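Please read the structure below before turning to the comments.
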Amino acid sequence: MKLILLGPPGAGKGTQADYLQKKLGICKLSTGDMLRAAVASGSAIGLKAKDIMAKGQLVSDDIMITLIRERIDQSDCKPGFILDGFPRTLTQAEALDATLSVLGKHLDRVIELQVDDKKLIERITGRFSCAKCGAGYHDLFKQPKQAGICDQCGHTTFSRRDDDKAETVIKRLEAYHRQTAPLLPYYRQKSVLSSVDGMADIAEVTRQINRALELDKKIMENG
Ligand code: AMP
C-alpha cells in the first residue's frame with residue numbers, strides 16, 4: 001500500500017504513520033526526520049537545509065524530490081510506504097506521480113488530518129522527546145509516567161525541536177496554508193483523498209484512518 005499523510009505541522013502525522021508502519025509492515029518515510037538526520041550528520045543536504053528549517057520555511061523541491069526518489073526505490077519500500085511530510089508543494093506532488101508511474105506504481109490513498117491552527121500551536125509548542133530513543137511527550141497531554149524518566153528506555157535527558165518555538169510554528173503554518181494546502185484539491189480531483197478529524201484523540205483518529213483504508217474490514221476477514 002502506498003499512502004500519504006497530509007496535514008499541517010503538529011496534526012499527528014508522525015504518530016499515525018508509526019501506527020500504520022507497524023500495522024501494515026510497510027516503510028515510513030518522514031522527510032522531516034530525514035532532514036533532521038542530515039543536519040545532525042553535517043551532510044551536504046543537512047548544511048543546505050539547516051537554516052531554512054530553523055526559519056520554518058520549506059527546503060527546495062529539488063532536494064526533497066531527489067531524497068524521496070532515492071528512498072522509495074529501495075528494497076524495503078517495495079511492499080509500500082507511508083509518506084509523512086512529503087509532498088508539501090504541487091511540484092513535489094507532480095514529481096511523486098511521475099516517479100511512481102515510471103516504477104509502475106500508483107498512490108492508494110491520501111489521508112488528510114484536519115486540525116485548526118490554534119490547537120496546533122498548543123500541540124507543537126508543548127512537545128518534547130527522549131534524547132536517546134526519540135519517544136514523544138507533551139507538557140500538557142503526555143508527561144512521562146515518572147517525572148524526568150523516559151517511559152520507554154529509562155533515559156533522563158529530553159530535547160525539544162528548534163523549530164517548535166511559537167514564532168517558528170507560525171511560519172510553518174503559513175507555509176502549510178500557502179504551499180501545501182493546494183494539494184488537497186489536487187488529490188481530491190484524483191479521487192484518492194480521505195479527510196479525518198485530527199482534533200479527536202489519537203485512538204479515534206486511528207479508527208477513522210482505518211475506516212478510510214478499510215483496514216478494519218481486512219483485519220476481520222483475516223481473523
Ligand atoms: P516536519 O518534521 O515534517 O514538520 O518538517 C520539519 C521541516 O523540514 C519543515 O518545516 C521544512 O523546513 C522541512 N521539510 C520537511 N519535509 C519537507 C518537504 N517535503 N519539503 C520542503 N521542506 C520540508
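Every read-out reported here was derived from the displayed coordinates using simple, explicitly stated rules and does not represent laboratory data. Owing to the predicted nature of the structure, the values given are computational and were not obtained by experimental measurement. So basically every Cβ, Gly included, is an ideal-geometry build from the backbone, and we count neighbours across all protein chains shown.
Taking packing as the residue-averaged number of other Cβ atoms within 10 angstrom, the listed peptides 195-204, 83-92, 110-119 run from highest to lowest as 83-92, 110-119, 195-204. Here the Karplus relation 6.51 cos²θ - 1.76 cosθ + 1.60, evaluated at θ = phi - 60°, turns the backbone of the stretch 103-120 into coupling constants of 7, x, 10, 8, 6, 8, 7, 10, 9, 9, 9, 9, 9, 7, 4, 4, 5, 5 Hz, with x for every Gly and Pro.
Site pair ASP76 and LYS118 shows an inter-label distance of 4.1 nm when each label is modelled 7 Å from Cα along Cα→Cβ. A crude spin-label estimate for the pair HIS177 and LYS55, with each label 7 Å from Cα along the Cβ direction, gives 2.0 nm.
Taking every Cα-Cα distance in the chain and sorting them into 10 Å bins starting at zero, the pair-distance distribution P(r) comes out as 7, 31, 39, 19, 3, 0 percent.
Based on C-alpha pairs under 8 angstrom that are at least 6 apart in sequence, the chain has a relative contact order of 27 percent. For the stretch 19-26, backbone phi angles converted through the Karplus equation (6.51, -1.76, 1.60; θ = phi - 60°) give residue-by-residue couplings of 4, 5, 4, 5, 5, 9, x, 10 Hz, Gly and Pro being listed as x.
Amide hydrogen proximity for ASP151: with H placed 1.01 Å from N in the peptide plane, the residues at 5 or more positions away or on another chain lying under 5 Å are LYS145.
Its Cα centre serving as origin, the stretch 11-104 has a Cβ charge dipole (Lys and Arg +1, Asp and Glu -1) of approximately 300 debye. When +1 charges are put on Lys and Arg Cβ atoms and -1 charges on Asp and Glu Cβ atoms, the dipole computed for the chain relative to its Cα centre reaches about 200 debye.
Around the amide H of SER30, modelled in the peptide plane, lie the amide H atoms of ASP84, all under 5 Å away and 5 or more residues distant in sequence or on another chain. Remark on ILE4: its backbone amide H falls under 5 Å from those of LEU83, ARG109, VAL110, ILE111, a criterion applied only to residues 5 or more positions apart or on other chains, H modelled at 1.01 Å from N.
Using the alpha-carbon centroid of each, what span in Å lies between the stretch 5-26 and the stretch 100-176? If we compute the Cα centre of each part, the gap is 11 Å. Of the residues ALA40, CYS27, ALA17, the one whose Cα sits farthest towards the positive end of the charge dipole of the stretch 13-83 is ALA17 (charges of +1 on Lys and Arg Cβ, -1 on Asp and Glu Cβ, taken about the Cα centre). Residue-wise HN-Hα couplings along the stretch 135-141, as the Karplus relation 6.51 cos²θ - 1.76 cosθ + 1.60 with θ = phi - 60° gives them from phi, are 4, x, 9, 8, 3, 9, 9 Hz; Gly and Pro carry x. For the stretch 134-177, how big is Rg over Rh, using alpha carbon atoms and the Kirkwood form of Rh? My calculation of the ratio gives 1.10. Ratio of Rg to Rh for the stretch 97-172: 1.16 [Cα atoms; Kirkwood radius as inverse mean 1/r over pairs]. For the stretch 2-49, averaging the sequence separation of C-alpha pairs within contact (under 8 Å, six or more residues apart) and dividing by the residue count gives a relative contact order of 18 percent.
Taking each DSSP H run with n ≥ 4 as -39500 (n - 2.57) and averaging over every residue of the chain yields -14000 deg cm²/dmol at 222 nm.
In the chain, the DSSP beta bridges split such that about 30 percent are antiparallel, to the nearest 5.
Shape analysis of the stretch 118-223 based on the Cα gyration tensor places the equivalent ellipsoid semi-axes at 30, 24, 11 Å, largest first.
The dipole here belongs to the stretch 74-178: it is taken about the Cα centre, uses +1 on the Cβ of Lys and Arg and -1 on the Cβ of Asp and Glu, and is about 260 debye.
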